[in-house]
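Visitor: Next up is a structure, given as structure tokens.
The values are calculated or read from the model by the stated rules, or taken from the named source; none is laboratory data. What you see is a predicted model; the values in this text were computed from it and never measured. Virtual Cβ from ideal backbone geometry, glycine too; neighbours counted across all protein chains shown. The protein model used for the area step is the full one, side chains on, heavy atoms only, and it has no ligands, DNA or RNA in it. Shrake-Rupley method; radii C 1.70, N 1.55, O 1.52, S 1.80 Å.
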Amino acid sequence: MTPDKPGRAGSLDEEVQARVFTEKIAIKLGYPETSPNYRNADGTVNEAFITRQINGSSHYNPTDKTRVGRRYVGECTVPIP
């Protein structure tokens, strides 16, 4: 999450950035696109498509679930002085 966009919105922005970065690396290395429509006709990254895909995804935006938090085995709370 980003400090200016806490919660799910910031997480989705990070997912978009990760996919855009991955596609830029694939272009630089001469690899084919990592997913259909991830590139524009001129060979650049189609950031608008990737953003729409993530924001419209039922995986990233479930309507039948409520986020309750996340804990890890062995996690300990560090008190803030």
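Visitor: What list of ³J(HN,Hα) couplings, whole Hz, do you get for region 46-61 from phi and the Karplus terms 6.51, -1.76, 1.60, once you set θ to phi - 60° and write x for glycine and proline?
Guide: For region 46-61, the Karplus-derived couplings read 8, 4, 5, 5, 4, 4, 4, 5, 5, 5, x, 6, 6, 5, 8, 10 Hz, x marking Gly and Pro.
Visitor: How much FRET efficiency would the formula 1/(1 + (r/R0)^6) give for THR77 and ALA48, where r is the Cβ-Cβ distance and R0 is 30 Å, rounded to 0.05?
Guide: The value I calculate is 0.15.
Visitor: May I pose another question? Could you do me a favour and compute the accessible area per residue for region 18-62, 1.4 Å probe, result in Å²?
Guide: Numbers: 3030 Å² over 45 residues.
Result: 67 Å² per residue.
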